[in-house]
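The structure appears below as structure tokens.
The values are calculated or read from the model by the stated rules, or taken from the named source; none is laboratory data. What you see is a predicted model, and the numbers here were worked out from it, not measured in a lab. Counting neighbours? That spans all protein chains shown, and the Cβs are built from the backbone with ideal geometry, glycine included. Accessible surface is based on the protein model in full, side chains and every heavy atom, while ligands, DNA and RNA are left aside. Shrake-Rupley method; radii C 1.70, N 1.55, O 1.52, S 1.80 Å.
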Amino acid sequence: MGTIILGIESSCDDTSAAVFNDEVILSNCVANQHVHEAYGGVVPELASRAHQQNIIPVVEKAINDAGIDKSEINAVAFTRGPGLMGSLLVGTSFAKGFALANELPLIEVNHLHAHVLAHFIKEDVDDQDQPEFPFLCLLVSGGNSQIIKVKSHLEMEIIGQTIDDAAGEAFDKCAKVMGLPYPGGPLIDKLATEGNEDAFTFSKPRIAEYNYSFSGLKTSFLYFLRDQLKINPNFIEENKVDICASLQKTIIDILMDKLVTAAKDTGIKQIALAGGVSANSGLRQRLNDLGKLNNWVTYIPKFSYTTDNAAMIAINGYYKFLKNEFVGQETTPFARLEF
């Protein structure tokens, strides 16, 4: 038996625990919260309460599924931030209590770093399909859109990021304007497969360097629908698949144009996706197409590692364990971005 890491993730509305033996995953358990669907978005107070209910059974199941005893665990890795403060407090407090009770070292993990390192999760010891350093990672989620230069497991540099809204937020907010249920991003992806992506044109921002902006797109989308509905009150329902396809194409164009520029400027040809929006089928296909066109070696995470999960926390914790990067019981979570 190698180094056993227990990972805990509670940054938003998913309670997750995972167990790793070195770089190989032994278990990864996630408890989702469906209560937020009725509100059209995550309600922080409800999320933190649900975490309190879920965290003990989730951790217990992860340990049992891994086939280990808690006495075999070498360290506890937990999400310190960024995320919802109430949710983070639950995971952080549990991790600190579990570590204290079992005399284990604590390892804090940056949620965004963890998304990037999801590419190093191995499901068996023979898995060698990981990016080589340095590589570029397009991290796209509900709260972040970034291009990251990854120099090593623990050394990363943001070279481009959104100056306002994230791509995932644009998907969800535009879906809400259309009257689609939450979460809207996956539903837009599904509907887009049936539509004509060239049916409608939406504005694309002109932002310096490798940075992004999606607030203007959301505004133009809102005004577009408003104007069309004045002409035809049934416009959304009659053109739903084409609207979704055109919107998705626009968001992917914005994301990939900057990534192509960054890859050319840096000369890096190892390119990866990460984050919840990396589950989008159009984005995954576009990366593969651009990879063939530009001779990139592309890496797309498995669907189970795109959304928030403790497996990515545990693998990050493993690399920090090797460097003896531990924290004390005085550690507190942070809600805002600290990269």
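In segment 127-142, is there at least one residue being surrounded by 23 or more Cβ atoms within 10 Å (Cβ to Cβ), of a type in the set (V, I, T), in a loop (DSSP other than H, G, I, E, B) and touching a strand residue (DSSP E or B) at 6+ places or on another chain (Cβ under 9 Å)? Within segment 127-142, none of the residues are surrounded by 23 or more Cβ atoms within 10 Å (Cβ to Cβ), of a type in the set (V, I, T), in a loop (DSSP other than H, G, I, E, B) and touching a strand residue (DSSP E or B) at 6+ places or on another chain (Cβ under 9 Å).
Could you tell me whether segment 144-153 includes any residue that is among the aliphatic types (A, V, I, L, M), surrounded by fewer than 21 Cβ atoms within 10 Å (Cβ to Cβ), under 16 Å from the mean Cα position of the chain (by Cα) and more than 30 Å from G2 (Cα to Cα)? So far as segment 144-153 goes, no, none of its residues is among the aliphatic types (A, V, I, L, M), surrounded by fewer than 21 Cβ atoms within 10 Å (Cβ to Cβ), under 16 Å from the mean Cα position of the chain (by Cα) and more than 30 Å from G2 (Cα to Cα).
Here is a yes/no grid of residues against (1) within 22 Å of L112 (Cα to Cα); (2) open to solvent by less than 40 Å² (accessible area, probe 1.4 Å); (3) in a strand (DSSP E or B); (4) at pLDDT 95 or above:
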residue: G7; (1), (2), (3), (4): yes, yes, yes, yes
residue: S16; (1), (2), (3), (4): yes, yes, yes, yes
residue: F20; (1), (2), (3), (4): yes, yes, yes, yes
residue: N28; (1), (2), (3), (4): yes, no, yes, yes
residue: Q33; (1), (2), (3), (4): yes, yes, no, no
residue: A38; (1), (2), (3), (4): no, no, no, no
residue: L46; (1), (2), (3), (4): no, no, no, no
residue: R49; (1), (2), (3), (4): no, no, no, no
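Yes/no per residue for (1) at pLDDT below 95; (2) open to solvent by 10 Å² or more (accessible area, probe 1.4 Å); (3) of a type in the set (D, E, K, R):
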position	(1), (2), (3)
I313	no, no, no
L322	no, yes, no
F334	yes, yes, no
F339	yes, yes, no
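Evaluated against (1) crowded, with 22+ Cβ neighbours inside 10 Å; (2) outside any helix (DSSP H, G or I), A114 falls short on exactly one condition, (2).
For the residues R226, R336, the requirement of being basic (K, R) and not in a helix (DSSP H, G or I) singles out R336. Taken together, A208, A245, A279 contain a single residue that is under 25 Å from L138 (Cα atoms), open to solvent by less than 20 Å² (accessible area, probe 1.4 Å) and within 25 Å of the chain's Cα centre (by Cα), which is A245.
Only residues that are within 19 Å of the chain's Cα centre (by Cα) and either polar (S, T, N, Q) or over 17 Å from Q270 (Cα atoms) (or both): list them for segment 122-131, please.
In the first step, residues of segment 122-131 are kept if they are within 19 Å of the chain's Cα centre (by Cα); the result is 122, 130-131.
Within segment 122-131, K122, Q130 qualify.
Assessment of segment 189-200 against the conditions (open to solvent by 50 Å² or more (accessible area, probe 1.4 Å), part of a helix (DSSP H, G or I) and farther than 25 Å from F135 by Cα) yields at least one matching residue.
Here V59, V24 are screened, and the one residue that is open to solvent by less than 20 Å² (accessible area, probe 1.4 Å), among the β-branched types (V, I, T) and within 26 Å of H119 (Cα to Cα) is V59.
Against the numbered list (1) open to solvent by less than 10 Å² (accessible area, probe 1.4 Å); (2) under 23 Å from N21 (Cβ atoms); (3) β-branched (V, I, T), V327 comes up short only at (1). Against the numbered list (1) assigned to a helix (DSSP H, G or I); (2) surrounded by fewer than 17 Cβ atoms within 10 Å (Cβ to Cβ), T250 comes up short only at (2).
Out of the residues in segment 154-181 that are under 18 Å from V42 (Cβ atoms) and within 17 Å of the chain's Cα centre (by Cα), which is surrounded by the fewest Cβ atoms within 10 Å (Cβ to Cβ)? The residue in question is D165. The condition (being outside any helix (DSSP H, G or I), closer than 21 Å to T331 by Cα, open to solvent by less than 10 Å² (accessible area, probe 1.4 Å) and touching a residue at least 60 places away in the same chain (Cβ under 8 Å)) is satisfied by just one residue among A77, A95: A77.
Yes/no per residue for (1) open to solvent by less than 30 Å² (accessible area, probe 1.4 Å); (2) modelled with pLDDT under 95; (3) under 22 Å from D129 (Cα atoms):
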site: G216; (1), (2), (3): no, yes, no
site: I236; (1), (2), (3): yes, no, no
site: L255; (1), (2), (3): yes, no, no
site: A272; (1), (2), (3): yes, no, yes
site: G291; (1), (2), (3): yes, no, yes
